[in-house]
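The values are calculated or read from the model by the stated rules, or taken from the named source; none is laboratory data. Only a predicted model underlies this, so the values are computations on that prediction, with no experimental measurement involved. Cβ: placed from backbone, ideal geometry, glycine included. Neighbour counts: every protein chain shown. All accessible areas refer to the heavy atoms of the entire protein, side chains included, with ligands and DNA or RNA removed. Shrake-Rupley method; radii C 1.70, N 1.55, O 1.52, S 1.80 Å.
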Amino acid sequence: MRCVVANWKMNMLWQEAASFCEAFMGGYTPAEGVQTAIAPPFPWLARTSQEVRSKGVRVFAQNAHFEEKGAYTGEVSMAMLRDAGCTGVILGHSERRTLFGETDEALTRKLAAARSHGLLPLLCVGETLHERDTEQTFAVLKRQLGILAEAGAGPLWIAYEPVWAIGTGRRADANQIREAHQFIREELRVLMGEAGEMTPILYGGSVTPETFDEILAIPEVAGGLVGGASLDPGKFLSLVQTAQG
Ligand code: PEP
(Lines give C-alpha, C1' and ligand atoms only; values in the text may rest on other atoms or scores of the structure.)
Protein backbone atom coordinates (compact mmCIF):
# COMPACT_ATOMS: atom_id res chain seq x y z
CA MET A 1 0.00 0.00 0.00
CA ARG A 2 1.13 3.54 -0.74
CA CYS A 3 0.14 6.65 1.21
CA VAL A 4 0.36 10.33 0.37
CA VAL A 5 -0.45 12.84 3.10
CA ALA A 6 -0.77 16.63 2.79
CA ASN A 7 0.27 18.54 5.92
CA TRP A 8 -1.09 22.05 5.52
CA LYS A 9 0.33 23.16 8.88
CA MET A 10 -1.00 26.62 9.89
CA ASN A 11 -1.80 27.68 6.33
CA MET A 12 -4.95 28.43 4.32
CA LEU A 13 -8.03 30.50 5.13
CA TRP A 14 -11.27 28.70 4.32
CA GLN A 15 -11.62 30.33 0.90
CA GLU A 16 -8.18 29.04 -0.07
CA ALA A 17 -8.89 25.60 1.36
CA ALA A 18 -12.21 25.43 -0.52
CA SER A 19 -10.48 26.39 -3.79
CA PHE A 20 -7.84 23.74 -3.14
CA CYS A 21 -10.50 21.07 -2.57
CA GLU A 22 -12.37 22.05 -5.72
CA ALA A 23 -9.26 21.99 -7.90
CA PHE A 24 -7.77 18.85 -6.36
CA MET A 25 -10.98 16.84 -6.29
CA GLY A 26 -11.72 17.86 -9.88
CA GLY A 27 -8.64 15.97 -11.02
CA TYR A 28 -8.51 13.22 -8.41
CA THR A 29 -9.42 9.63 -9.20
CA PRO A 30 -9.02 7.05 -6.43
CA ALA A 31 -6.79 4.07 -7.18
CA GLU A 32 -6.53 0.74 -5.42
CA GLY A 33 -3.56 0.43 -3.11
CA VAL A 34 -3.01 4.16 -2.67
CA GLN A 35 -4.42 6.11 0.24
CA THR A 36 -4.61 9.88 0.13
CA ALA A 37 -5.06 12.11 3.17
CA ILE A 38 -5.19 15.83 3.86
CA ALA A 39 -4.34 17.32 7.25
CA PRO A 40 -5.86 20.81 7.44
CA PRO A 41 -5.81 23.12 10.47
CA PHE A 42 -8.47 22.35 13.12
CA PRO A 43 -11.14 24.86 12.00
CA TRP A 44 -11.33 23.30 8.52
CA LEU A 45 -11.43 19.61 9.45
CA ALA A 46 -15.18 19.14 9.16
CA ARG A 47 -15.58 21.25 6.03
CA THR A 48 -12.61 19.63 4.31
CA SER A 49 -14.02 16.21 5.17
CA GLN A 50 -17.31 17.16 3.53
CA GLU A 51 -15.49 18.26 0.38
CA VAL A 52 -13.25 15.21 -0.07
CA ARG A 53 -14.83 12.14 1.51
CA SER A 54 -17.03 11.19 -1.47
CA LYS A 55 -13.92 9.92 -3.27
CA GLY A 56 -12.39 8.30 -0.20
CA VAL A 57 -9.77 10.98 0.52
CA ARG A 58 -9.07 10.85 4.25
CA VAL A 59 -8.82 13.80 6.60
CA PHE A 60 -6.20 13.75 9.35
CA ALA A 61 -5.62 16.23 12.17
CA GLN A 62 -2.15 17.62 12.82
CA ASN A 63 -2.29 17.04 16.59
CA ALA A 64 -4.70 16.32 19.44
CA HIS A 65 -4.75 15.92 23.21
CA PHE A 66 -4.77 12.55 24.95
CA GLU A 67 -7.36 13.42 27.60
CA GLU A 68 -11.01 12.61 26.92
CA LYS A 69 -12.37 16.04 27.87
CA GLY A 70 -12.24 18.66 30.57
CA ALA A 71 -10.33 21.75 31.64
CA TYR A 72 -7.62 21.82 28.94
CA THR A 73 -8.11 25.24 27.40
CA GLY A 74 -7.03 25.40 23.79
CA GLU A 75 -6.85 21.64 23.29
CA VAL A 76 -8.86 19.31 21.06
CA SER A 77 -9.71 15.69 21.91
CA MET A 78 -9.55 12.58 19.73
CA ALA A 79 -13.33 12.17 20.04
CA MET A 80 -13.80 15.69 18.65
CA LEU A 81 -11.61 14.79 15.68
CA ARG A 82 -13.80 11.76 14.96
CA ASP A 83 -16.86 13.94 15.21
CA ALA A 84 -15.35 16.34 12.67
CA GLY A 85 -14.82 13.54 10.14
CA CYS A 86 -11.16 12.73 10.79
CA THR A 87 -9.90 9.19 10.38
CA GLY A 88 -6.30 9.82 11.41
CA VAL A 89 -4.00 12.14 13.32
CA ILE A 90 -0.38 13.18 12.80
CA LEU A 91 1.58 12.69 16.03
CA GLY A 92 5.06 13.86 16.97
CA HIS A 93 5.72 16.14 14.01
CA SER A 94 9.13 17.74 14.61
CA GLU A 95 7.52 21.20 14.76
CA ARG A 96 5.38 19.98 17.65
CA ARG A 97 8.38 18.39 19.33
CA THR A 98 10.67 21.41 19.00
CA LEU A 99 8.30 24.41 19.07
CA PHE A 100 5.69 23.07 21.49
CA GLY A 101 7.70 20.73 23.71
CA GLU A 102 5.90 17.52 22.75
CA THR A 103 7.48 14.66 24.69
CA ASP A 104 7.68 10.93 24.05
CA GLU A 105 5.64 10.47 27.21
CA ALA A 106 2.80 12.61 25.87
CA LEU A 107 3.06 10.83 22.51
CA THR A 108 2.68 7.45 24.18
CA ARG A 109 -0.63 8.61 25.64
CA LYS A 110 -1.72 10.29 22.40
CA LEU A 111 -1.06 7.11 20.45
CA ALA A 112 -3.24 5.08 22.80
CA ALA A 113 -5.97 7.74 22.82
CA ALA A 114 -6.02 7.95 19.01
CA ARG A 115 -6.41 4.20 18.65
CA SER A 116 -9.08 3.99 21.31
CA HIS A 117 -11.13 6.42 19.21
CA GLY A 118 -10.51 4.57 15.98
CA LEU A 119 -8.10 7.14 14.59
CA LEU A 120 -5.04 6.04 12.64
CA PRO A 121 -1.88 7.51 14.20
CA LEU A 122 0.77 8.78 11.77
CA LEU A 123 3.85 8.95 13.99
CA CYS A 124 6.69 11.19 12.80
CA VAL A 125 10.29 10.45 13.69
CA GLY A 126 13.54 12.02 12.56
CA GLU A 127 16.86 13.50 13.59
CA THR A 128 18.10 17.10 13.65
CA LEU A 129 21.14 18.14 11.63
CA HIS A 130 23.26 18.21 14.79
CA GLU A 131 22.13 14.68 15.64
CA ARG A 132 23.01 13.49 12.14
CA ASP A 133 26.38 15.24 12.16
CA THR A 134 27.23 13.66 15.51
CA GLU A 135 26.15 10.20 14.32
CA GLN A 136 23.15 9.94 16.61
CA THR A 137 20.56 9.36 13.86
CA PHE A 138 19.84 5.72 14.65
CA ALA A 139 19.87 6.30 18.42
CA VAL A 140 17.31 9.09 18.00
CA LEU A 141 15.08 6.97 15.76
CA LYS A 142 15.32 4.09 18.22
CA ARG A 143 14.32 6.33 21.11
CA GLN A 144 11.41 7.93 19.25
CA LEU A 145 10.11 4.55 18.08
CA GLY A 146 10.53 3.18 21.60
CA ILE A 147 7.08 4.49 22.54
CA LEU A 148 5.65 1.68 20.42
CA ALA A 149 6.85 -0.86 22.97
CA GLU A 150 4.07 0.24 25.30
CA ALA A 151 1.51 0.94 22.60
CA GLY A 152 0.36 -2.60 21.93
CA ALA A 153 -1.13 -3.73 18.64
CA GLY A 154 -3.11 -1.45 16.37
CA PRO A 155 -3.01 0.42 13.10
CA LEU A 156 -0.05 2.71 12.51
CA TRP A 157 1.73 4.67 9.82
CA ILE A 158 5.23 6.05 10.37
CA ALA A 159 6.82 9.05 8.67
CA TYR A 160 10.60 9.38 8.60
CA GLU A 161 11.20 13.12 8.50
CA PRO A 162 14.79 14.31 8.95
CA VAL A 163 14.24 17.66 10.68
CA TRP A 164 16.89 19.37 8.56
CA ALA A 165 14.97 18.47 5.39
CA ILE A 166 11.59 19.86 6.45
CA GLY A 167 10.67 23.07 4.68
CA THR A 168 14.28 23.69 3.71
CA GLY A 169 14.30 22.55 0.10
CA ARG A 170 17.13 20.20 1.08
CA ARG A 171 15.85 16.67 0.97
CA ALA A 172 17.76 13.64 2.25
CA ASP A 173 19.60 11.72 -0.46
CA ALA A 174 18.56 8.24 -1.56
CA ASN A 175 21.18 6.56 0.58
CA GLN A 176 20.20 8.43 3.74
CA ILE A 177 16.52 7.65 3.16
CA ARG A 178 17.22 3.97 2.44
CA GLU A 179 19.37 3.53 5.56
CA ALA A 180 16.87 5.25 7.84
CA HIS A 181 13.88 3.37 6.43
CA GLN A 182 15.64 0.03 6.74
CA PHE A 183 16.58 0.83 10.32
CA ILE A 184 12.97 1.81 11.11
CA ARG A 185 11.68 -1.41 9.55
CA GLU A 186 14.04 -3.46 11.71
CA GLU A 187 12.91 -1.61 14.83
CA LEU A 188 9.25 -2.08 13.93
CA ARG A 189 9.84 -5.82 13.54
CA VAL A 190 11.41 -5.97 17.00
CA LEU A 191 8.74 -3.79 18.65
CA MET A 192 5.63 -5.03 16.85
CA GLY A 193 6.43 -8.45 15.44
CA GLU A 194 4.49 -9.35 12.31
CA ALA A 195 2.51 -6.09 12.35
CA GLY A 196 5.81 -4.24 12.05
CA GLU A 197 6.28 -5.85 8.66
CA MET A 198 3.12 -4.27 7.25
CA THR A 199 3.37 -0.76 8.74
CA PRO A 200 3.79 1.80 5.94
CA ILE A 201 6.86 4.03 6.36
CA LEU A 202 6.49 7.37 4.58
CA TYR A 203 9.29 9.82 3.82
CA GLY A 204 8.84 13.54 4.55
CA GLY A 205 11.12 16.49 3.91
CA SER A 206 11.04 18.80 0.87
CA VAL A 207 9.22 16.29 -1.33
CA THR A 208 8.29 17.77 -4.72
CA PRO A 209 6.61 16.36 -7.83
CA GLU A 210 10.05 16.39 -9.49
CA THR A 211 11.67 14.17 -6.85
CA PHE A 212 8.85 11.89 -5.69
CA ASP A 213 9.33 9.19 -8.32
CA GLU A 214 12.93 8.68 -7.24
CA ILE A 215 11.96 8.68 -3.52
CA LEU A 216 9.23 6.08 -4.06
CA ALA A 217 11.74 3.80 -5.77
CA ILE A 218 13.81 3.55 -2.55
CA PRO A 219 13.23 0.26 -0.69
CA GLU A 220 10.80 0.53 2.25
CA VAL A 221 9.43 3.93 1.19
CA ALA A 222 5.64 3.61 1.13
CA GLY A 223 4.77 7.21 0.31
CA GLY A 224 5.19 10.78 1.41
CA LEU A 225 4.20 13.26 4.10
CA VAL A 226 4.27 16.55 2.26
CA GLY A 227 4.25 20.11 3.60
CA GLY A 228 5.08 22.93 1.18
CA ALA A 229 4.18 21.14 -2.06
CA SER A 230 0.82 20.07 -0.62
CA LEU A 231 -0.48 23.64 -0.55
CA ASP A 232 -0.75 23.68 -4.33
CA PRO A 233 -3.58 21.46 -5.62
CA GLY A 234 -1.79 20.82 -8.92
CA LYS A 235 1.42 19.73 -7.20
CA PHE A 236 -0.40 17.59 -4.65
CA LEU A 237 -2.43 15.93 -7.39
CA SER A 238 0.76 15.22 -9.30
CA LEU A 239 2.30 13.63 -6.17
CA VAL A 240 -0.76 11.43 -5.68
CA GLN A 241 -0.74 10.42 -9.34
CA THR A 242 2.95 9.53 -9.11
CA ALA A 243 2.16 7.25 -6.14
CA GLN A 244 -0.68 5.72 -8.15
CA GLY A 245 1.79 4.99 -10.94
C1 PEP B 1 6.21 18.35 6.79
O2 PEP B 1 5.69 19.37 7.22
O3 PEP B 1 5.97 17.27 7.35
C4 PEP B 1 7.10 18.46 5.64
C5 PEP B 1 7.71 17.38 5.23
O6 PEP B 1 7.23 19.70 5.07
P7 PEP B 1 7.97 20.03 3.65
O8 PEP B 1 7.42 19.06 2.64
O9 PEP B 1 7.61 21.46 3.37
O10 PEP B 1 9.43 19.82 3.87
Practice item. For Lys69 and Arg109, calculate 0.36 nm times their separation in residues minus their Cα-Cα distance, and state this gained length in nm to one decimal. Key: 13.0 nm
Study note, to complete from the structure: For the chain, averaging the sequence separation of alpha carbon pairs under 8 Å that lie six or more residues apart and dividing by its residue count, the contact order in percent is 21 percent
Revision key, fill the gap. What the Cα atoms of the range 62-149 span along the principal axes, largest first and in whole Å, is 43, 24, 19
Exercise for review: Could you state how much accessible area Glu105 has, in square angstrom rounded to the nearest 10, with a 1.4 Å probe and all protein chains kept in place?
Suggested key: 140 Å²
**Study point:** Per residue, in Å², the accessible surface of the chain once ligands and nucleic acids are set aside, probe 1.4 Å
**Key:** 45 Å²
Exercise for review: Please give the calculated 222 nm ellipticity per residue for the chain, where each DSSP H segment of at least 4 residues contributes -39500 (n - 2.57) and the sum is spread over every residue; nearest 500 deg cm²/dmol?
Suggested key: -11500 deg cm²/dmol
Study note, to complete from the structure: By the Kirkwood definition, with r running over pairs of different Cα atoms, the range 2-70 has a hydrodynamic radius in Å of 12.8 Å
Point to revise | Listed residues Arg189, Arg58, Arg115, most fluctuating in the chain (Gaussian network, C-alpha, under 10 Å) | key: Arg189
Exercise for review: Let me know the charge dipole size of the range 2-244 about its Cα centre in debye, to the nearest 20, where only the beta-carbon of Lys, Arg (+1) and Asp, Glu (-1) is charged.
Suggested key: 500 debye
**Study point:** Leading residue at positive end of dipole, the range 2-244 (Cβ point charges), from Trp14, Val4, Ala39
**Key:** Trp14
Check your understanding: Counting only protein heavy atoms and using a 1.4 Å probe, what share of the accessible area of the range 1-160 belongs to carbon plus sulfur, as a whole percent?
Key -> 52 percent
Exercise for review: Please work out how much length the chain gains when fully extended from Glu16 to Glu186, using 0.36 nm per residue of separation minus the C-alpha to C-alpha distance, in nm with one decimal.
Suggested key: 57.1 nm
Study note, to complete from the structure: Set Lys142/Lys235; Lys9/Lys69; Lys69/Lys142, cut-off 28 Å on Cα-Cα distance; pairs above it are Lys142/Lys235; Lys69/Lys142
Exercise for review: Quote the charge dipole size of the range 94-155 about the Cα centre in Debye, to the nearest 20; the model charges only the Cβ of Lys and Arg (+1) and of Asp and Glu (-1).
Suggested key: 280 debye
**Study point:** Interchain or long-range residues, amide H under 5 Å from Arg58's placed H
**Key:** Thr36, Ala37, Ile38
Check your understanding: So what's the gap between the Cα centers of the range 104-128 and the range 172-227, to the nearest angstrom?
Key -> 18 Å
Exercise for review: Report the far tail of the P(r) of the chain, meaning the percent of Cα-Cα pairs longer than 35 Å.
Suggested key: 7 percent
